[in-house]
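The block underneath contains the structure these notes are about, expressed in structure tokens.
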Amino acid sequence: MSDSTEHTERLRSDDMEMGATEAVQRHVSRHVIERQAVSQRKLDFEHRRPRWLREMMAEATGVFFYVYPGLASTASFLLNDAEPAFSSIFQIGWAFAIGIALAIITCAPTSGGHFNPAITICFAFWQGFPWKKVPYYIFSQVFGAFIAGLLLMGQYHVQISAFSKASIEGGKGMVYNGGPANILCTFPAAGQTNLGYLFLIEFMVDAFIGIVIWAALDPANPFVSPFSAPFIIGLAYANMIWGFAPISISTNLARDLGPRIVAAIFFGGEAFSYYNYSWIALLVNIPATLFATGYYELLMRDSLKKIGTGRAVHVDGEEGLMRHITKTGCLQVEMGTTAVLRKGDSMA
């Protein structure tokens, strides 16, 4: 008891009648180091920094953040003969999922967090994202994935060189499913030569992910908060990796193209020509995601509910919204437009 009293007295507070908790909280607040004030020089520098440069760096960094741990987990899996102590398909899925969540949390406040050329195109097509930004967003995304693949090759150089040597001596080459180049990008297994079959798998996987992304970003969705959206999107990717990675899936043009270029540099042009598969890995993601987001926009989107949550407005303002509600007769309007919408939401 005396020891406790001694420590309490060290707070040097005359406010002990408030209670120990309040005294400690006040003591802590008195000793917090103030953050350094923002200088005018810093503000001037940030003002002069081009907006497009910030967006490009954010997109490249975000793709790097999710591709880098995913490739590292894949490398650990393949270089150790699929030994569960080092990695597994389950762990690879989590590596990509957590990487995507961290990429969104870290970089989305700057660029919007697309990290996928198909998503950038869909934002431009459905949500009014400027088309003039699409090319440099896609370039940045591919560049981020390229740097991730290049860095991984440097870090695992010794192990990959030994793996490549053993693979060549075994008569397998370096470009095949489960081979050295497979660390960087996907290839079909020897028996998976039916391109239509591979197209269907890639299309459905990408469509699944696209619908989840669009639903997670829907402001009218009551089940998704801004805090949970990054993890939901990451889990959608992991879900498909767990189910279809053994068959070969890409899920993202940038994630595949950047490391595939690295694979071509180190393992030869067969990285693009193997079984004529690369076009599926690179291009199917775009029409599949357009299909998925179109499916959501045309058949599942509830824009009236989005307006009701205050996250959107009618193009003609309150007058246009009142006109729509009156025309459709969905609710009585004497309360006022905003009240009607909110009541409609609660009734739903």
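The values are calculated or read from the model by the stated rules, or taken from the named source; none is laboratory data. These numbers were taken from a predicted model, which means no experiment stands behind them. Glycine gets a Cβ as well: all are built from the backbone with ideal geometry, and neighbour counts include every protein chain shown.
Could you tell me whether E59 is at pLDDT 90 or above and either in contact with a helix residue (DSSP H, G or I) (Cβ under 6 Å, 6 or more places away or on another chain) or over 22 Å from I249 (Cβ atoms) (or both)? The answer is yes for E59.
Candidates are the residues of region 47-65 that are hydrophobic (A, V, I, L, M, F, W, C) and within 11 Å of the chain's Cα centre (by Cα); the one that is nearest to I105 (Cα to Cα) is F65. If the condition is being under 26 Å from P117 (Cβ atoms) and in contact with a Ser or Thr (Cβ under 7 Å, 6 or more places away or on another chain), then region 161-191 contributes N177, I183, T186, F187, P188.
Considering only residues that are without any contact (Cβ under 8 Å) to a residue 12 or more places away in the chain and part of a helix (DSSP H, G or I), which ones fall in region 110-132? Within region 110-132, F123, A124, Q127, W131, K132 meet the criteria. Scan region 91-102 for residues that are free of Cβ contacts under 8 Å to residues at least 60 places away in the same chain and crowded, with 22+ Cβ neighbours inside 10 Å and the total you get is 1. Checking each residue in region 279-306 for being free of Cβ contacts under 8 Å to residues at least 40 places away in the same chain and either crowded, with 19+ Cβ neighbours inside 10 Å or closer than 24 Å to Y197 by Cβ (or both) picks out W279, L282, L283.
Confirm whether S76 is free of Cβ contacts under 8 Å to residues at least 60 places away in the same chain and under 15 Å from L184 (Cβ atoms). Against the criterion (free of Cβ contacts under 8 Å to residues at least 60 places away in the same chain and under 15 Å from L184 (Cβ atoms)), S76 qualifies. Has region 223-237 got any residue that is under 14 Å from the mean Cα position of the chain (by Cα) and polar (S, T, N, Q)? Scanning region 223-237, I find at least one residue that is under 14 Å from the mean Cα position of the chain (by Cα) and polar (S, T, N, Q), so the answer is yes. Out of region 263-286, which residues are under 20 Å from F96 (Cβ atoms), part of a helix (DSSP H, G or I) and β-branched (V, I, T)? Within region 263-286, I280, I286 qualify. Name the single residue that is modelled with the highest pLDDT among those in region 327-347 being exposed (fewer than 11 other Cβ atoms within 10 Å of the Cβ) and within 21 Å of N221 (Cβ to Cβ). My answer is S346. Do we find that G112 is surrounded by 18 or more Cβ atoms within 10 Å (Cβ to Cβ), over 10 Å from the mean Cα position of the chain (by Cα) and at positive phi in this structure? Yes: the conditions hold for G112. Give the residue that is surrounded by the most Cβ atoms within 10 Å (Cβ to Cβ), with candidates limited to residues of region 198-228 that are aromatic (F, W, Y) and at pLDDT 95 or above. So, considering only residues that are aromatic (F, W, Y) and at pLDDT 95 or above, the one surrounded by the most Cβ atoms within 10 Å (Cβ to Cβ) is W214. Within region 307-319, the set of residues being part of a helix (DSSP H, G or I) and either surrounded by fewer than 13 Cβ atoms within 10 Å (Cβ to Cβ) or out of contact with any His (no Cβ under 8 Å at 6 or more places or on another chain) (or both) comprises G308, G317, E318, E319.
With respect to the conditions (1) buried (at least 20 other Cβ atoms within 10 Å of the Cβ); (2) at pLDDT 95 or above; (3) of a type in the set (G, A, S), S87 lacks only one, and its number is (2). Taken residue by residue, region 141-160 has at least one member that is out of contact with any Gly (no Cβ under 8 Å at 6 or more places or on another chain), free of Cβ contacts under 8 Å to residues at least 12 places away in the same chain, aliphatic (A, V, I, L, M) and over 26 Å from D218 (Cα atoms). Please verify whether A229 is within 26 Å of F139 (Cα to Cα) and free of Cβ contacts under 8 Å to residues at least 40 places away in the same chain, treating the condition exactly as stated. Judged against the criteria, A229 is not a match. Tell me, please, whether a residue that is over 22 Å from A95 (Cβ atoms), more than 20 Å from the chain's Cα centre (by Cα) and at pLDDT 95 or above can be found in region 312-326. Within region 312-326 (the criterion being over 22 Å from A95 (Cβ atoms), more than 20 Å from the chain's Cα centre (by Cα) and at pLDDT 95 or above), the answer is no, since none of the residues qualifies.
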